[in-house]
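Here the structure is laid out as structure tokens; the discussion comes afterwards.
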Amino acid sequence: MQVRLALPKGRLLPSTNAWLGRCGVDLVGYDERSRSYRPYSRSLPNLFIKTFNERDIPIQVAIGNYHLGICGQEWVEELLAKYPASAVVKVHDLGYGRRQLYLASSDSTIIGSIDELKATDSPLRIVTEFPNLAELFVLNLRIRRFRILPVWGKAEAYPPENADLALVVNGLDSSSGYPLRPLASVLSSNAWLIAHRAAWESRDLSMLLDRFMGMLPVPYRDADAQEFPNISKVVARSSPQTTDSDVWLALPDGHQHDPTVEFLREAGLQVDEDVDSPTRPRLNLPGMRAKTIRPQDMPIQVANGNFDLAITGEDWLHDHLCVFPSSPVQNFVSLGFGKVRIVAVVSKNLPYETPQDLRSPSRRHNHPVLRIASEYVNIADRYARDNHLSPYRLIPTWGASEAFLPEDADLLVENSQTGRTIAQHGLKIIDTLFESSACLIGPVHPRGDEAKRSRISDITALLSKAVTQ
């Protein structure tokens, strides 16, 4: 009988591989160099394994696609905070991959303790990539007025200008930069073994559990595990002085950060990184302020007035406008770098060559509900409706999307530069939705005084000129 196991990529991969090795589960293709999403075990031929972004694993286990999974407890609790009846069983703490979730405030606010937080009558803006945990925590504190601001990441960058509180992960004294100070520890998290409830109660999982159980009473601990900062030792830093005429520019993190910095340098705008505040680089133009955030969050942040300009991808602007077509944000300049295609992808083993093939009677017979996986949920939804692919179900993903095909999804809407990675995973492109590159976005009606609007116009002209040179 086959047992299905979901394993994490990214930060937990080395420690998970080491722990499984200690349990006698020898894996091939599960290491940081591997590009495969399907490692295997020579000694356990009936074990089916797939690797995911760890945020996806609790969902995959909850819906029964996998019998067992390993991921950070924070993502399990994030799911259960909103869906407490989910079919997820927390089997055991594995003792490695330690992380701490803190609720933190800006040091420029009057909120310096939980008691002051409870006493405030002001509406609180709480930014986090864990919106369900944040809401549950503040509700338990009986906070009267608050608003949760979900982001893809980099929550530490938003206070104090764009949020009052942030629910963030790990070392506030080093990784977050200023100006945060911790108010409370929300969750201490390790990697956990989880199971689908029905499989746990009725399926024979002894193939793995017999190997695991001998290790569980004495959890394995990373030799390189870092201790977390003592809250009392975290030093608050004062936030920079700004004026209403300052222009706030959002810069992307991740793989687009370096090309963006290089493009700005060639345009004459120097970006200096600050090791003490990694989310707030310095610019060489007076009246300019910058923050580094996730490009996925930029369109909504500009639309809400939190930034005046942002450099993101046309794909993320398009995804935003699919759900908010009248949003007051627009593409000022297409910058020409970071080019990708947004494509529709299926397994190369399926007899589909066009999106029309997905409407065929054979598809409806074999797959009555088309499963569409994508980071671009709104683009994928629009694509399915425009191509009359109903009935369909959207599966949001947080990276490693190729892993979903063909077992856990039928269609993938993904970005691709050359198509080589897609082909390497046994997939094929059946349609190109559009092409995307980096772009400068801003509000349809710029805000602020004449000096601020003039600066926005000058920067737009500067980058436009750099594109044409």
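The values are calculated or read from the model by the stated rules, or taken from the named source; none is laboratory data. Everything numeric here is computed off the predicted structure, so don't read it as measured data. Methodologically, a virtual Cβ is constructed for each residue, glycine included, from the backbone with ideal geometry; neighbour enumeration extends over all protein chains shown.
Are any residues in segment 341-355 surrounded by fewer than 17 Cβ atoms within 10 Å (Cβ to Cβ) and closer than 18 Å to residue 414 by Cα, and if so, which ones?
348, 353, 354
Can we say residue 400 is surrounded by 20 or more Cβ atoms within 10 Å (Cβ to Cβ) and among the small types (Gly, Ala, Ser)?
no
Which of (1) free of Cβ contacts under 8 Å to residues at least 40 places away in the same chain; (2) of a type in the set (A, V, I, L, M); (3) closer than 24 Å to residue 191 by Cβ is the odd one out, the single condition residue 79 does not satisfy?
(1)
Given the criteria on the phi > 0 side of the Ramachandran plot and assigned by TED's automatic domain parsing to the domain that holds residue 260, does residue 399 qualify?
Details: on the phi > 0 side of the Ramachandran plot: yes; assigned by TED's automatic domain parsing to the domain that holds residue 260: no.
Criteria not met by residue 399.
For segment 420-469, name all the residues that are over 23 Å from residue 301 (Cβ atoms) and charged (D, E, K, R).
Scanning segment 420-469 gives 420, 428, 431, 435, 450, 465.
Would you confirm, using the coordinates I've provided, whether residue 219 is outside the structural domain of residue 64 (by TED's automatic domain parsing), at pLDDT below 75 and surrounded by 16 or more Cβ atoms within 10 Å (Cβ to Cβ)? Steps first, please.
Working: outside the structural domain of residue 64 (by TED's automatic domain parsing): yes; at pLDDT below 75: yes; surrounded by 16 or more Cβ atoms within 10 Å (Cβ to Cβ): no.
Spelling it out, it is not the case that residue 219 is outside the structural domain of residue 64 (by TED's automatic domain parsing), at pLDDT below 75 and surrounded by 16 or more Cβ atoms within 10 Å (Cβ to Cβ).
Listed here are the residues, each with its yes/no results for (1) in contact (Cβ under 8 Å) with a residue 12 or more places away in the chain; (2) surrounded by fewer than 18 Cβ atoms within 10 Å (Cβ to Cβ); (3) part of a strand (DSSP E or B).
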position	(1), (2), (3)
138	yes, no, no
144	yes, yes, no
184	yes, yes, yes
194	yes, no, yes
211	yes, yes, no
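Does residue 370 qualify as being of a type in the set (A, V, I, L, M) and crowded, with 20+ Cβ neighbours inside 10 Å? Give the steps one after another, and end with the answer.
Numbers: of a type in the set (A, V, I, L, M): yes; crowded, with 20+ Cβ neighbours inside 10 Å: no.
In short, no.
Conditions tested, residue by residue: (1) assigned to a loop (DSSP other than H, G, I, E, B); (2) not assigned by TED's automatic domain parsing to the domain that holds residue 380; (3) not hydrophobic (A, V, I, L, M, F, W, C).
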{"site": "395", "(1), (2), (3)": "no, no, no"}
{"site": "403", "(1), (2), (3)": "no, no, no"}
{"site": "413", "(1), (2), (3)": "no, no, no"}
{"site": "421", "(1), (2), (3)": "no, no, yes"}
{"site": "431", "(1), (2), (3)": "no, no, yes"}
{"site": "461", "(1), (2), (3)": "no, yes, no"}
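How many residues, within segment 249-277, are β-branched (Val, Ile, Thr), free of Cβ contacts under 8 Å to residues at least 40 places away in the same chain and either in contact with a strand residue (DSSP E or B) (Cβ under 8 Å, 6 or more places away or on another chain) or surrounded by 20 or more Cβ atoms within 10 Å (Cβ to Cβ) (or both)?
Looking only at that region, the number is 2.
Condition first: surrounded by 21 or more Cβ atoms within 10 Å (Cβ to Cβ) and in a strand (DSSP E or B). Now tell me which residues in segment 107-136 satisfy that.
126, 127, 128
Any residue in segment 56-75 that is over 26 Å from residue 212 (Cβ atoms), surrounded by fewer than 19 Cβ atoms within 10 Å (Cβ to Cβ) and not aliphatic (A, V, I, L, M)?
No, every residue in segment 56-75 fails to be over 26 Å from residue 212 (Cβ atoms), surrounded by fewer than 19 Cβ atoms within 10 Å (Cβ to Cβ) and not aliphatic (A, V, I, L, M).
Got a number for residues in segment 302-319 being over 14 Å from residue 436 (Cα atoms) and surrounded by fewer than 23 Cβ atoms within 10 Å (Cβ to Cβ)?
4
Can you confirm whether segment 278-290 contains a residue that is among the small types (Gly, Ala, Ser) and either loosely packed, with under 15 Cβ neighbours inside 10 Å or over 19 Å from residue 263 (Cβ atoms) (or both)?
yes
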